[in-house]
Amino acid sequence: MTPAAELSACAIVKNVQSRNVSALAVLDAFLEKVKKEDIKVKAFLSLNEDQARFAAESVDEKISKGEPAGDLAGVPIAVKDNICVQGLNATCASKILENFISPYDATVIAKLRSQGALIIGKTNMDEFAMGSSTENSAFQTTCNPWDQNRVPGGSSGGSAAAVAGGMSPLALGSDTGGSIRQPASFCGVVGLKPTYGRVSRYGLVAFASSLDQIGPFSRTAEDCALLLQAICGQDPMDSTSSPLPVPNFREEMKRPMEGLRIGLPREYFGDGLDSEVRKLIMAAVETFKVQGAQVGEISLPHTDLAVPVYYILAPSEASANLARFDGVRYGHRSPGAKNLLEMVEKSRSEGFGPEVKRRIMLGTYALSSGYYDAYYAQAQKVRTLISEDFTRAFKEVDMILTPTAPTPAFRSGEKNADPVQMYLSDIYTISCNLAGIPGISIPCGFSQNKLPVGLQILAKPFAESTLLQAAYAYQKNTNWHLQVP
Amino acid sequence: MAITKQEVEHVARLARLELKENESELFTEQLSQILAQVEKLKNVSTENVAPCAHPFTVKDHWREDVSSGNRDTSGILANAPDREENLFKVPKVIE
């Protein structure tokens, strides 16, 4: 049999269920891999060996008794450190939450546990998910497993690197402006941002509440469907979660591509797109044509406004959401303050890193008296225009294909000093969050210096099946997803 | 549009952040650069365009107004920087 640490999530479930391998042996194999690889990659902020062992033993016991052990029986899953797991740290890679232990499970975590998944550890990220390189972590810098001198992308860089480095078959991340898809692209794995409302946000530390979604990382489309299936659905604890029924993704993804209409938005293929990336995306488009899809050019005319809209709305929401970190009930408290106001100011100033402060400042400014209409209200209106672009486009096409990022992974330190340059690395992923639609990034080849490149697919609201259908069809005809660093 | 150092310091107070001198200067420069990027929003005609606060209108699903279970507060209080019995303790509010 294939060594346990090289199995896909679907294969793990099958083998654990049929008692070819125990959940405990699977867990040990991956933990061993983590101990070997993570010295250089630094994807994990903390491991969860004890809890995971206990969960693995419980899976093995259920199976030996012939009881149902769940759809994710024995599958290790790495979890971004802004998702709450009871009894574990949830630092958000911030000093302000360095010692915070979550007293409850996020809804997605409760769902994973009930399906027999093993939470293997918590992964590194940009502080409070603000960043595109995972360099904004207060604790460590994660490397891209394909090239140690390059970033894994961000903000869910630890989760992407954990899957790319073979340290976990699956991982959860969160995506506010591309934080799942962009690192998936940089690390050569699959990453999916569900439709806004498809997955409960309860227990996800809020960054920008009208944009945030939790989503899966995997190597294969099938594994992505498996994890997505487990976390979707309406939740009484999240009033924005959707009551729409959740389809059977693994069944629907197997439908053929024949006759599906694909749109290529001309605004996503202009200046600023790396020529190697463009070539690989166009080659992927050809694969879809061969499978019977119809391809045509479309226009999303307000595309160039997405980054400006995002950098008003997301910081505005963040400035409100992060007001809760005041040193009163949890998190860092500055010692020796003379009064409450001083304590709050000092605790926040000592606890937050520079990018978080920058965004809180930007958001506070945009929402402040005298500027609200010019910035925040105007950005909300332009958001409507961006969203309407997609509504119009999806009358003509079933899916939209674009590059996930304008370039492959950039070098560590390359964009650190210039926030505007860093923000532009999300230029192709942000519109999807503004419109609330689902998006996926799948590996579609390598640059000449062996760096993975991601293809982004976007679909109508709640059409995750369509994304998975394209990803599955593509992976059946290519082997990029089988390459390992 | 450029933001002034005085405005940066005012916003910092609103945001309950205490900036060091070099931070105020850096943020004045960086926030000005970022605001220059968003300037083009002002030229977009948005007459009769409704603002979008949320991607979809999800019908509110209210639950019945009844308490649901007794959450164990020990895990919550364990995170408190300072406490007395089951209360959070803070420095003096009024001088």
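Side notes on the structure shown:
- Scanning the range A:302-330 for residues that are hydrophobic (A, V, I, L, M, F, W, C) and in contact with a strand residue (DSSP E or B) (Cβ under 9 Å, 6 or more places away or on another chain) yields one hit, A:VAL328.
- Against the test of being over 20 Å from the mean Cα position of the chain (by Cα), at pLDDT 95 or above, within 23 Å of A:ALA225 (Cα to Cα) and polar (S, T, N, Q), the options A:GLN86, A:GLN17 yield a single qualifying residue, A:GLN17.
- Being more than 17 Å from the chain's Cα centre (by Cα) and modelled with pLDDT under 95 holds for only one residue in A:LEU424, A:LEU451, and it is A:LEU424.
- Top-ranked residue in the range A:365-376 [being surrounded by fewer than 21 Cβ atoms within 10 Å (Cβ to Cβ) and within 7 Å of chain B (Cβ to nearest Cβ); ranked as nearest to B:GLN37 (Cα to Cα)]: A:ALA374
- Taking the listed residues B:ARG63, B:ARG16, the one that is within 30 Å of A:GLY436 (Cα to Cα), without any contact (Cβ under 8 Å) to a residue 40 or more places away in the chain and either basic (Lys, Arg) or facing chain A (nearest Cβ under 7 Å) (or both) is B:ARG63, with no other qualifying.
- Filtered residues of the range A:377-392 (kept if over 23 Å from the mean Cα position of the chain (by Cα) and either surrounded by fewer than 20 Cβ atoms within 10 Å (Cβ to Cβ) or at the interface with chain B (Cβ under 9 Å from one of its Cβ atoms) (or both)): A:ALA377, A:GLN378, A:ALA379, A:GLN380, A:LYS381, A:VAL382, A:THR384, A:LEU385, A:GLU388, A:THR391, A:ARG392
- Unique residue being surrounded by fewer than 24 Cβ atoms within 10 Å (Cβ to Cβ), facing chain B (nearest Cβ under 7 Å) and assigned to a helix (DSSP H, G or I) when the list is A:GLU355, A:GLU345: A:GLU345
- The range A:1-35, residues that are assigned to a helix (DSSP H, G or I) and exposed (fewer than 14 other Cβ atoms within 10 Å of the Cβ): A:GLU6, A:GLU32, A:LYS35
- Tallying residues that are surrounded by 12 or more Cβ atoms within 10 Å (Cβ to Cβ) and farther than 16 Å from A:LEU340 by Cα within the range B:72-95 yields 5.
- Failed item, numbered, when A:PHE325 is tested on (1) surrounded by 23 or more Cβ atoms within 10 Å (Cβ to Cβ); (2) more than 10 Å from chain B (Cβ to nearest Cβ); (3) touching a helix residue (DSSP H, G or I) at 6+ places or on another chain (Cβ under 7 Å): (2)
- In summary, B:ASN22 fulfils each of the numbered conditions (1) more than 7 Å from chain A (Cβ to nearest Cβ); (2) within 30 Å of A:GLN378 (Cα to Cα); (3) among the polar types (S, T, N, Q) with the single exception of condition (2).
- Taken over the range A:227-275, the criterion of being of a type in the set (S, T, N, Q) and away from chain B (no Cβ under 14 Å) is satisfied by A:GLN229, A:ASN248, A:SER275.
- A:VAL307 vs. criteria of a type outside the set (Asp, Glu), surrounded by fewer than 24 Cβ atoms within 10 Å (Cβ to Cβ) and either within 11 Å of chain B (Cβ to nearest Cβ) or touching a Lys or Arg at 6+ places or on another chain (Cβ under 9 Å) (or both): yes
- Tally, over the range A:310-322, of residues that are at the interface with chain B (Cβ under 8 Å from one of its Cβ atoms) and either touching a Ser or Thr at 6+ places or on another chain (Cβ under 9 Å) or surrounded by fewer than 24 Cβ atoms within 10 Å (Cβ to Cβ) (or both): 1
- Candidates B:VAL38, B:VAL90 - the one that is closer than 28 Å to A:VAL328 by Cβ, touching a helix residue (DSSP H, G or I) at 6+ places or on another chain (Cβ under 8 Å) and within 8 Å of chain A (Cβ to nearest Cβ): B:VAL90
- Verdict on B:PHE56 being surrounded by 13 or more Cβ atoms within 10 Å (Cβ to Cβ), facing chain A (nearest Cβ under 7 Å) and farther than 29 Å from A:ILE312 by Cα: no
- Candidates A:LEU401, A:LEU362 - the one that is more than 25 Å from A:ASN321 (Cα to Cα) and surrounded by 19 or more Cβ atoms within 10 Å (Cβ to Cβ): A:LEU401
- Residue match in the range A:242-249 (condition: farther than 19 Å from A:GLN475 by Cα, surrounded by 15 or more Cβ atoms within 10 Å (Cβ to Cβ) and touching a strand residue (DSSP E or B) at 6+ places or on another chain (Cβ under 8 Å)): yes
- Just one of the numbered conditions (1) surrounded by fewer than 17 Cβ atoms within 10 Å (Cβ to Cβ); (2) touching a residue at least 12 places away in the same chain (Cβ under 8 Å); (3) not in a loop (DSSP other than H, G, I, E, B) is not true of A:GLY272: (3).
- Filter result for A:ALA225 (outside any loop (DSSP other than H, G, I, E, B) and in contact (Cβ under 8 Å) with a residue 40 or more places away in the chain): yes
- Wholly enclosed helices (runs of 4 or more DSSP H) of the range A:389-485 bearing at least 1 residues charged (D, E, K, R): A:464-477
- All told, A:SER209 meets the bar of being at pLDDT 95 or above, surrounded by fewer than 24 Cβ atoms within 10 Å (Cβ to Cβ) and within 14 Å of chain B (Cβ to nearest Cβ).
- Flag for A:TYR202 being of a type in the set (Phe, Trp, Tyr), in contact (Cβ under 8 Å) with a residue 12 or more places away in the chain, over 29 Å from A:ALA25 (Cβ atoms) and surrounded by fewer than 24 Cβ atoms within 10 Å (Cβ to Cβ): yes
- Some residue of the range A:100-121 being away from every other protein chain (no Cβ under 14 Å), closer than 20 Å to A:SER441 by Cα and among the hydrophobic types (A, V, I, L, M, F, W, C): no
- Apart from one condition, A:GLY165 fits all of (1) farther than 21 Å from A:PHE100 by Cβ; (2) crowded, with 24+ Cβ neighbours inside 10 Å; (3) in contact with a strand residue (DSSP E or B) (Cβ under 9 Å, 6 or more places away or on another chain); the exception is (3).
- The set of residues from the range A:288-306 being touching a residue at least 60 places away in the same chain (Cβ under 8 Å), under 27 Å from A:ASN433 (Cβ atoms) and assigned to a helix (DSSP H, G or I) comprises A:PHE288, A:THR303, A:LEU305, A:ALA306.
The values are calculated or read from the model by the stated rules, or taken from the named source; none is laboratory data. Keep in mind that this is a model prediction, so the values were computed, not measured. Backbone-built Cβ (ideal geometry, glycine too); neighbour counts: all protein chains shown.
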